[in-house]
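Visitor: The structure follows.
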Amino acid sequence: MVSASLLFLISAIAMGFAGWGLVRATDVVVERTGLGRAFLGMMLVATITSLPELATGLGAVTIAHSPDIAVGAVVGSCVFNLLLFTFADSLARKVAFYGRLRLSHNLTASFGVILLGLLALSVLVPGAARLAIGHVGLYSVLLAALYFIGARLLYAVDVSIAPDAEYAPEEPSLSMRSALLRCGVSGAIVVFAGIGLAISSDALAAELGLTETFVGVLLVAAATSAPELVTVWAAVRLQSYDLAAGNLLGSNLFNMVLIVVYDAAFLDGPVLAAASEILAITALIAMVMTAVAVATLNYVRRTEPHAVDFWAGACLIALYLFNAWLLFQAR
């Protein structure tokens with residue numbers, strides 16, 4: 001118990017330093033390339049911060065032969081990422097976090113809802129999940145195609161929007177090469193620290209006698225989502241609000257691509273056909289939480305905080321706790 005707790009603490013500290021460096025380096029890439037923060041948040045930061053889920057999930061389906069931990073970590077991470085909108089809003093303090101976001105995030109969120117719906121449908125309808133090419137489900141083809149279509153559309157929309165005049169970043173102190181190198185080093189630290197968090201969480205959960213679904217959706221998902229928490233904190237501190245939101249919504253999209261990877265690695269058949277039906281409930285709750293965040297983003301078009309921000313945060317917290325309660329009841 002002590003060694004697992006120590007590993008968790010060390011990994012969390014390493015994740016903190018890596019997350020801060022990742023956001024600073026990404027901001028330099030934004031300034032030097034002119035690419036939108038929403039797009040880079042989705043494609044670069046979200047990909048790197050989702051690597052712990054990838055490593056953990058691959059281990060779950062290939063070594064532990066536990067689809068519930070792998071798929072549970074994916075949908076659980078989606079729910080946790082949406083909860084972090086409340087965290088980001090609270091960090092913004094005197095500024096309306098939602099009011100500073102570009103409307104292009106609607107596109108990312110919409111594709112996230114579509115992919116989560118496809119996942120929930122595949123889990124709830126066994127016949128749909130068993131449609132496969134070899135051992136890979138047809139849903140994997142759809143998930144991958146929709147992800148790349150969403151990325152292409154977001155790029156087209158994001159670069160067509162003028163930069164935020166109120167956002168005044170510091171003059172980039174790093175060269176493009178140094179920024180990309182820092183992204184790579186930070187990403188490597190994130191991977192190893194994320195694996196350490198996942199291993200320590202799994203060890204602690206085993207000692208507490210919890211089910212694989214409960215562990216995957218709540219403990220492992222929260223542990224592997226630590227990079228998103230740290231990068232959101234760093235991005236908001238740097239007033240790069242679009243990067244924070246793009247990271248959260250983009251991570252949810254990239255999580256769906258992880259299902260495709262797990263499907264290819266799980267040789268016993270389509271991975272969603274072997275997953276517990278309770279995971280579909282978490283996916284549906286993630287869809288509702290996405291709708292809450294999107295509705296708030298579209299309603300709050302001001303820079304000052306508003307009561308709607310508070311109620312949106314309360315709804316996201318309530319939905320997250322409701323999901324945890326359902327999983328606890330089904331354990």
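Visitor: Among (1) open to solvent by less than 50 Å² (accessible area, probe 1.4 Å); (2) part of a helix (DSSP H, G or I), which single condition is residue 149 missing?
Guide: Every listed condition holds for residue 149 apart from (1).
Visitor: Further question: Of the conditions (1) within 14 Å of the chain's Cα centre (by Cα); (2) modelled with pLDDT of 90 or more, residue 73 clears all except one; give me its number.
Guide: Unmet for residue 73, out of (1) within 14 Å of the chain's Cα centre (by Cα); (2) modelled with pLDDT of 90 or more: (2).
Visitor: Restricting attention to segment 197-237, which residues are modelled with pLDDT under 80 and of a type in the set (Asp, Glu)?
Guide: Hits for segment 197-237 are 202, 207, 212.
Visitor: Shifting gears a bit: Give me a count of the residues in segment 107-139 that are in a helix (DSSP H, G or I) and open to solvent by 20 Å² or more (accessible area, probe 1.4 Å).
Guide: Qualifying residue count for the region: 14.
Visitor: From the residues in segment 237-251 that are open to solvent by 10 Å² or more (accessible area, probe 1.4 Å) and touching a Leu at 6+ places or on another chain (Cβ under 9 Å), which one is farthest from residue 58 (Cα to Cα)?
Guide: Of everything passing the filter in segment 237-251, 237 is farthest from residue 58 (Cα to Cα).
Visitor: Of everything in segment 273-282, what is of a type outside the set (Val, Ile, Thr) and either open to solvent by 10 Å² or more (accessible area, probe 1.4 Å) or touching a strand residue (DSSP E or B) at 6+ places or on another chain (Cβ under 8 Å) (or both)? Give them in sequence order.
Guide: Selection gives 273, 274, 275, 276, 277.
Visitor: Follow-up question, since we're still on this one. Select from segment 278-322 the residues that are charged (D, E, K, R) and not in a helix (DSSP H, G or I) and write down the one among them that is nearest to the chain's Cα centre (by Cα).
Guide: This residue is 301.
Visitor: What are the pairs, 6+ residues apart or on separate chains, where a residue within segment 120-131 that is more than 21 Å from residue 286 (Cβ to Cβ) has its Cβ under 7 Å from a residue that is β-branched (Val, Ile, Thr) and in a helix (DSSP H, G or I)?
Guide: Between residues of segment 120-131 that are more than 21 Å from residue 286 (Cβ to Cβ) and residues that are β-branched (Val, Ile, Thr) and in a helix (DSSP H, G or I), there is no close pair.
Visitor: Another question, if that's okay. How many residues, within segment 93-106, are open to solvent by 20 Å² or more (accessible area, probe 1.4 Å) and either farther than 17 Å from residue 81 by Cβ or in a loop (DSSP other than H, G, I, E, B) (or both)?
Guide: Going through segment 93-106 one residue at a time, the tally reaches 6.
Visitor: Looking at segment 210-235 only, could you name the residues that are surrounded by fewer than 24 Cβ atoms within 10 Å (Cβ to Cβ) and not in a helix (DSSP H, G or I)?
Guide: Listed by number, the residues that qualify are 210, 211.
Visitor: Another question, then. Check residue 268 against each of (1) part of a loop (DSSP other than H, G, I, E, B); (2) under 27 Å from residue 89 (Cα atoms); (3) not polar (S, T, N, Q) and name the one condition it does not meet.
Guide: Unmet for residue 268, out of (1) part of a loop (DSSP other than H, G, I, E, B); (2) under 27 Å from residue 89 (Cα atoms); (3) not polar (S, T, N, Q): (2).
Visitor: Here's a check for you: in segment 40-68, which residue that is surrounded by fewer than 24 Cβ atoms within 10 Å (Cβ to Cβ) and not in a helix (DSSP H, G or I) is modelled with the lowest pLDDT?
Guide: The extreme case among them is 64.
Visitor: Out of the residues in segment 255-272 that are of a type outside the set (Val, Ile, Thr) and open to solvent by 40 Å² or more (accessible area, probe 1.4 Å), which is modelled with the highest pLDDT?
Guide: 264
The values are calculated or read from the model by the stated rules, or taken from the named source; none is laboratory data. All values derive from a computational prediction rather than experimental measurement. As a convention, Cβ positions derive from the backbone with ideal geometry for all residues, glycine included, and neighbour counts pool all protein chains shown. Ligands, DNA and RNA are stripped out before the accessible areas are found, and what is left, the full protein with its side chains, is counted by its heavy atoms. Shrake-Rupley method; radii C 1.70, N 1.55, O 1.52, S 1.80 Å.
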